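The values are calculated or read from the model by the stated rules, or taken from the named source; none is laboratory data. If you're wondering where the values come from, they're calculated on a predicted model, not measured in any experiment. With ideal geometry, Cβ positions are generated from the backbone for all residues, glycine too; neighbour counts draw on all protein chains shown. Accessible surface is based on the protein model in full, side chains and every heavy atom, while ligands, DNA and RNA are left aside. Shrake-Rupley method; radii C 1.70, N 1.55, O 1.52, S 1.80 Å.
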Amino acid sequence: MIANAGRLTLDSIHELGRFSIFVARALGSLFQLRAFPSKLARSIFEMGVRCWPIILTVGCFTGLVVGLEGYNTLSKFGSEYALGATVSISIISELGPVLAALMIVGQAGSALAAELGIQRNSEQIDALETMGINPLGFFVGPRLIAALIIFPLHTAFFDIVGIVGGYITGVVLMGQEHGVYWQSVHNSVHVHDVSWGFVKALVFGFTITAICSYEGFNTHRRSSEPGARGVSQSTTRAVVYSSIAVLALDYLITAVQVSP
Amino acid sequence: MSTPFLEIRGVRKSFGDHVVLDGINLSVDRGSITTIMGKSGIGKSVLLKCIAGIHKPDAGEILINGHPPRTATNCSGSPEAPRLSYLFQQNALFDSFTAMENVALPLVETGRTTRRVAREKVLKLFADLDLGDVANKYPSQISGGMQKRVALARALITQPRLILFDEPTTGLDPQRKNSVFSMVADYQRRFDFTALMVSHDIPEALFVSDRVAWMDRGQMRFVGPPTDLEIARDPALLEFVHHRNELLSELAGQHGRTTLFADWAELRRTYEQFVVVSCATERRRPGSELGLRRFASYQAAVACIHELKRPHGQIYFLDERHFGFGVGPAETDTVVEEIDSALKPVNDLSTPAQATRYRWSANSYRLAMVSNPATLWILEDQAEMAAPPTSP
């Protein structure tokens, strides 16, 4: 058992090393990449435009639910006036970055891992190698940069939609004064909270894209079965590892944020 | 002696405990077409990927014009290595790019070529290859044969000195297979590249090849011109090359051509003559090439020879219209007449009403004059050409 634990630890460290080299090479390859703006625009479209409906939907329902739960809880203490603060702080600091990231993992991250897995299996990645084109630069590098642009934008969009969702519950459904709601939001939200939310978005975006790309790119090496089942395995791993990474990093960043 | 354009020396490659390449040696001359044959899963594609620089060999050396190969991420190669292209088994075209974008990709992404110049070059190449009408179509919108040609256009656009073809006819029907082979031979002449091809298609691939290499158990066990396959003695190679005749032998429940090639020296020691029973066809109609009706006639002819109950017994099945056997000194004078007489009922089965008629006859050759089975075909061809044509 001890031997197995040791082997597992060594394998994990080895894989982490490979992952780090993969990310470093992907970023390094950007310097040799031609037509970077057009590749970046395509990556932004794939990650950004295709994800906004799910961000809108989930953000809206999150705001509605937080507003409803918050209003019922606060009303027990006669503190309904703090609904705006409750909704906005919880969404901007925690729910916005985390849920937006998880939604993008499900929508764009899984698609990215599957696409790269299929391209690996159909030898398209090898084809690029033989053409003298660095596949990491061609496929991964622009997506990492696109993630740094798209995740904060999606998070901001999620935050706004979520706060509006809380407004719908508190003001439209529960009859709170809309001035009270917005005043509470205004008084409680500080630049510091918004900044940390964006820090989380940047870290999540980069990490998720790197993990999904890594899993898809290494489908042939990391999956126990070839072909479609291999792609399915790598896609599943990409989603699971990315989701765990989001939650773990969220804890770490929050710990840094609240530390004195 | 000229230096080979591609030289592979003692290349070894393993995946875990599985040894795939176990000391491969191969030289390929400039401007030639070399075909690597071998059973599935023995590492032919791995060898091509080692040459392309996609896999790094565990040991050994690969030199292209004296330089190690180099890819975008394999920095151990030499920048002076001549440009090579790789035609993948499944074409590896990008689904989200049009044919034009696929072919222009190596120009646009690696050189200083502008999109406009790349487009002009691709259109010119498309015109040369009769691909003009597929330029703006996606790979999913064109046929498998067209996809293969687009993939070949992508391989040619950078004017490579070496092209690696990994089973270029996989998944194609026989007609398209032939056109792919003729395309490879034609383009090789027009664009003057060196070709290294992996193929299972025998004999089609042999027709376009200058040299053939046969790979087995991680090593090159035969390298030479295709004609030398006829005098090769390795039983495993003979079985691979003559697999079609093996099928005929198995269907007729007899030994086949492989045994003939392997035992030729023994046969010459044992027998005085070799009798070849052959089928002549006065005209060919669609369907006769498949040999289906001919095979029915073939089986009947084999059955007749067996009825003679000759003491030698062993029949060698050469192809769908030839078989034969050794004959001892005592019976050499009479055996051909006996066989002709025995075959009469089979020949009578072919009625004038049939579209294709099969006439079986026998010729006897002195084994002392026939050094190897390949010589036998030459003698048999000469006998067929000398024979008067049969009337329809």
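Points to keep in mind about this one:
- Shape category assigned to region A:118-162 from the gyration tensor of Cα positions, a/c cut at 1.5: prolate
- Projected over all directions and averaged, the alpha-carbon convex hull of region A:5-115 occupies 11.4 nm².
- Computed from the Cβ-Cβ distance with R0 of 56 Å, the FRET efficiency linking A:I244 to B:D29 stands at 0.50.
- A straight line joining the Cα centroids of region A:43-92 and region B:156-196 runs 60 Å.
- Modelled label positions at A:D11 and B:E337, each set 7 Å beyond Cα in the direction of Cβ, lie 8.0 nm from each other.
- The C-alpha atoms of chain A define a longest principal axis, and helix A:178-188 lies at about 60 degrees to it.
- Bridge type composition, region B:92-232 - antiparallel percent by DSSP, nearest 5: 50
- Taking a ≥ b ≥ c as the square roots of the eigenvalues of the alpha carbon gyration tensor, region B:55-205 is oblate, as a/c is not under 1.5 and a/b does not beat b/c.
- Tensor-based shape of region A:1-61 (alpha-carbon gyration tensor, a/c under 1.5 rounded, otherwise prolate or oblate): oblate
- Where the Cα pairs of chain A fall when distances are cut into 10 Å bins, in %: 7, 26, 29, 19, 12, 5, 1
- Förster radius 51 Å - calculated FRET efficiency between B:R112 and B:E384, Cβ distance, rounded to 0.05: 0.25
- In the assembled protein chains, B:E239 presents an accessible area of approximately 100 Å² (probe radius 1.4 Å).
- Neighbouring partner chain Cβ atoms per residue of A:224-230, average, 10 Å criterion: 0
- Against chain A, whose longest principal axis is taken from its Cα atoms, helix A:2-28 shows a tilt of about 90°.
- Taking the DSSP beta bridges with both ends in the protein assembly as shown, the antiparallel portion is around 65 percent.
- What the Cα convex hull of region B:137-233 gives, in volume per residue, is 122 Å³.
- Cα centroid separation, region A:179-201 to region B:13-39 (Å): 65
- Note on B:D130: accessible area approximately 110 square angstrom, rounded to 10, probe 1.4 Å, nucleic acids and ligands left out.
- The helix-based estimate of mean residue ellipticity at 222 nm for the protein assembly as shown, built from -39,500 (n - 2.57) per DSSP H run of four or more residues and divided by its residue count, is -17000 deg cm²/dmol to the nearest 500.
- Using only alpha carbons, the protein assembly as shown has a radius of gyration to Kirkwood radius ratio (Rg to Rh) of 1.16.
- Ranked order, B:Y86, A:Y81 - accessible area, probe 1.4 Å, largest first: A:Y81, B:Y86
- FRET efficiency, 1/(1 + (r/R0)^6) with R0 60 Å, evaluated for B:D133 and A:V256 via beta carbons: 0.50
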